[in-house]
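Rule-based calculations on the coordinates, nothing more; no lab input. The model shown is predicted, which means the values in this text are computed figures rather than measured ones. Cβ coordinates were reconstructed from backbone atoms using ideal geometry, including for glycine residues, and neighbour counts include every protein chain displayed.
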Amino acid sequence: MNAKTLSIRNVVLMATLLVVLFTSCKKNEAVIPVPVEEASIIIKHASPDAPNVDLFVDGARINTSSISFNTNTGYVKIKAGARNIKVNAAGSTSSVINANVTLVKDKNYSLYAANKLSAIEPVLVEDNLTVPAAEKAHIRFVHLSPDAPSVNIVSGTATTNLFSAVTFKSSTAFTPVDATATGTAFTFNIRNATTSANVASVPATLVAGKIYTIVIRGFATPPTNNIIALGATLITNK
């Protein structure tokens, strides 16, 4: 075997070795998962004559036990983008709400099952969870009483409205109020926007740095065989 033959043989061996090494490296490379883009959503049962419900996102049930009136899921992470949300009577395959919503990555939302059962519908609200300034809490109101009038919200004995003319299915912006780190007691008076008559009062202790929603729910005049009267519920968003 001459020197030229040895040289060619060495080149072929080296090339083969490089191919083997390259292939081995490719097989052992870690697969980097593509991050899932998510939004956060809290879903609340606010239909005062509807039964307990189950919740489905893109056909998958997200609650472990049925959800009753005036309760909620807490924030859950779901894939951002176009999503289908169904609300079924607990244990049923029949949907009373079948809604398509678009959720933006990293944003927060509240979805309310609202109105009377005969007209039940979704109310989707974006939640601005920006951290309050020092010695402030944030509060907003969502009006979900199907037979209550437009209302004004007054804090305690204030002479001006904190929020004015809040109508059914509408929500206010999160608004700062003075609060301490140990909690500040408030009484929010809900008044008929036309007559100024007080229709409900909501005691709430708000802590500086936290964010809250007060949901006006129930019937102003409960129908026969329904005892769910007008009231309000405090939700801590953050």
For segment 190-201, Karplus-derived ³J(HN,Hα) couplings (6.51, -1.76, 1.60; θ = phi - 60°; whole Hz; x for glycine and proline) come out as 9, 10, 4, 5, 8, 9, 6, 5, 6, 9, 6, 10
The equivalent-ellipsoid semi-axes of the chain, taken as the square roots of five times the Cα gyration tensor eigenvalues and listed largest first in whole Å, are 57, 24, 12
For the table Lys86/Lys210; Lys116/Lys210; Lys44/Lys210, the rows whose alpha-carbon distance is greater than 27 Å are Lys86/Lys210; Lys116/Lys210
With +1 at each Lys and Arg Cβ and -1 at each Asp and Glu Cβ, the charge dipole magnitude of the chain around its Cα centre, to the nearest 20 debye, comes out at 820
In degrees rounded to 10, the 0-90 angle between helix 3-28 Cα long axis and the longest Cα principal axis of the chain is 20
Computed, not fitted: 222 nm per-residue ellipticity of the chain from DSSP H runs ≥ 4 (each -39500 (n - 2.57)), nearest 500, equal to -4000 deg cm²/dmol
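How would you classify segment 130-238 from its alpha-carbon gyration tensor, with a ≥ b ≥ c the square roots of the eigenvalues: rounded for a/c under 1.5, else prolate if a/b is greater than b/c, otherwise oblate?
Verdict is prolate for segment 130-238.
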Scoring the chain by relative contact order with C-alpha pairs under 8 Å, at least six apart, yields a percentage of 16
